[in-house]
1. Would you confirm whether or not region 37-49 contains a residue that is closer than 29 Å to Leu267 by Cβ, of a type in the set (Asp, Glu) and not in a helix (DSSP H, G or I)?
2. Starting from residues that are open to solvent by less than 40 Å² (accessible area, probe 1.4 Å) and acidic (Asp, Glu), keep the ones in region 57-104 and report whichever is farthest from Arg9 (Cα to Cα).
3. Out of the residues in region 12-37 that are in contact (Cβ under 8 Å) with a residue 60 or more places away in the chain and crowded, with 20+ Cβ neighbours inside 10 Å, state the one that is nearest to Val82 (Cα to Cα).
4. Give region 147-171 a look and list any residue that's of a type in the set (D, E, K, R) and surrounded by 22 or more Cβ atoms within 10 Å (Cβ to Cβ), or say none.
5. What helices (runs of 4 or more DSSP H) lie completely within region 327-431 and have 3 or more residues being touching a residue at least 40 places away in the same chain (Cβ under 8 Å), open to solvent by 20 Å² or more (accessible area, probe 1.4 Å) and within 30 Å of Gly311 (Cβ to Cβ)?
6. Tell me the residue from Ala108, Ala144 that is closer than 26 Å to Glu441 by Cβ, surrounded by fewer than 19 Cβ atoms within 10 Å (Cβ to Cβ) and among the aliphatic types (A, V, I, L, M), please.
7. Listed residues Ser255, Ser235; which is open to solvent by 60 Å² or more (accessible area, probe 1.4 Å) and at pLDDT 60 or above?
8. Given the criteria out of contact with any Phe, Trp or Tyr (no Cβ under 8 Å at 6 or more places or on another chain) and surrounded by fewer than 21 Cβ atoms within 10 Å (Cβ to Cβ), does Ala42 qualify?
Amino acid sequence: MTDLVADARRFATEAHQRIDQRRKYSNQPYQEHLKAVAEQVASVTDDAEMIAAAWLHDTVEDTPATFGDIERAFGRSVRDLVAQLTDVSKPSDGNRSERKAIDRHHLAQASARAKTVKLADLIDNCTDICRHDPGFARVYLREAAALLDVLGEGDERLFRRAQQALANCARRLGLPAPPQSVAEDARQPLRSELSLSQRRALRLFTEAFTASEIAQPLRSFDIERGMDVLQTLASADDLEVAGLRRDGVCIGYLSAGQQAHRAPEDLLRAFAPAQRVRRDAPLSEVVHVLTHYDFCFVTAMGDVAGVITRGDMQQPVVRMWLFGIVTLMEIELLERIRSRWPDGSWTERLPAGRLDKAQALLAERRRRGQHVDLADCLQFGDKARVLLSDEEQRLAFGLPTKGAAKRVMSDLESLRNNLAHAQDIVTYDWPQIARLARNIEERLKQQERD
């Protein structure tokens, strides 16, 4: 194993372990999937960058690492491969079918090397899903067949293995082989239990908190002054990022992490379309950008004028936004409990000690003249524990196992507590913030459909 591959294996393993990410159905550590993909790639090539990208292919999508982190650790070429393998769609882009089409178009533009890695990923995912989730496998097979339509430039041997994996799964499910490439999601979308006033509050939190509230002005310099001079100026001003102007218009940027001995054309970074948001973009969109990139650039009148980093997400405005969204989610948990168990039988799903605490709080609140019931006295974790003990409710939240549900709700409770006690939320809670932002966009999209 080359140093590059060994370093990628270690980087990816630690990144996924840090957030305790596991395989959806088997609950195995996530690196087992990464290992399987890397081994598939290594079976057809000794290209160290491709094998490294196989280990890293989900790192930006699933962990706090950004493309910038990948480039600093492994270089531009590996970073580009990982970027080609990372989904670009957002929940606000539409339903699952529409989002998959966007990601498929992105992958169609990828290099043959990236497509080879994607074939290996598809093979392992197909095998896992077909074995553990026959219902969803019917949806996945159609999506995978559509993906194969754009992966023909990948390695021929892996392409044939992928075709065979899909055909085997189709036969196992009694479906035509090869499956039809129609990417439709047969699952019912999650129906919101929020009341009209709560829905209005969700939209208010989304529209009132925008990129303009937290963006910092982007300090910029004329590119004609030369890269060495620009780097010196940026360093002297202790800038994390500086814009580069040509004829008065910002055309790209220079980051503090770039090395002075590199060629000028490697120092200049163009603004990727996915890095740019408008001033009135919701904070959920900013989170989506910062999940992938070190910098989110804010435009005014079509030109880049501001910048947001993850450090800016510690600002009070962001903390208020997040706390409000978590509160609305907690309200929904309560409403779902009342709807699912109108007779109060949910008490059977709570440990005796937690039930005693709720009853003690109920007695105290009633002593103070408050008109509440026992469900009102549940803590956030108690509400989650009760609701997600029900398989139908758990699946509605996209959580296939009790273990997965426990981890997600524990993470959200951690974020809530860190927000309440003014603790660092970026270092420790970024995956939860990203998950919450996706949930917000999905709910808003659902409201538009409703």
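1. yes
2. Taking the candidates together, the pick is Asp103.
3. Val37
4. The answer is Asp155, and nothing else.
5. Ranges flagged: 402-420.
6. Ala108
7. Ser235
8. Criteria met by Ala42.
The values are calculated or read from the model by the stated rules, or taken from the named source; none is laboratory data. Just so it is clear, the structure is predicted and the values come from calculations on it, not from any experiment. Positions of Cβ are backbone-derived with ideal geometry, glycine not excepted, and every protein chain shown enters the neighbour counts. Just the protein is used for accessible areas: all its heavy atoms, side chains included, with ligands, DNA and RNA removed. Shrake-Rupley method; radii C 1.70, N 1.55, O 1.52, S 1.80 Å.
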